[in-house]
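Read-outs: derived from the displayed coordinates by stated rules, not from any lab. For clarity, every value in this text was computed on a predicted model and none was experimentally measured. A quick note on method: Cβ atoms are made from the backbone with ideal geometry, for glycine too, and the neighbour counts reach across all protein chains shown.
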Amino acid sequence: ADVILTYWALDAAAHLHGHRWKNVNSLSHYLSALLPTSDSSLLTSDFSPTLPLTQMEHLSPNHWAGEVATFWLRLSEGLNYEEFQQRTRVDARPLLESALKKYADLNFVELTSTHARLTEKAVPVSNPILRDALAAFTRAP
């Protein structure tokens, strides 16, 4: 069965099915956009909330997979290549091995036949590593 990774974030921005959006900055504006107007009710069929978005964009499958990869690389167990490919349909191993080899040589990243993960040493300086990981996916055909 095909499994697609989907995650929701209750935050200033979120991703779903290859789309990324940014919510309005004000909590009061956010909540008022979701609440019914005086002419409608949550219980009626005419209630249609306004999405409180300020920006929305569609991500290519590779860009989306790259963002998922940078999220997974932040986890202590790192990114499992097989599970990642099952969920995103993108083979991360050659992309990450190429992009992260210089960091592995410096013991910032562990690259095995099954996983890629940041080491403890990398945590305080992970932004450039994750930037290079994302760039490997966005450059991929």
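Quick rundown of the values:
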{"item": "Size of electric dipole in the range 87-129: Cβ of Lys, Arg +1 and of Asp, Glu -1, about Cα centre, debye, nearest 20", "result": "140 debye"}
{"item": "Theoretical gain in end-to-end length, residue 89 to residue 21 [0.36 nm per residue, Cα-Cα removed]", "result": "22.2 nm"}
{"item": "Shape box of the range 61-128 [Cα atoms, principal axes, largest first, Å]", "result": "30, 20, 19"}
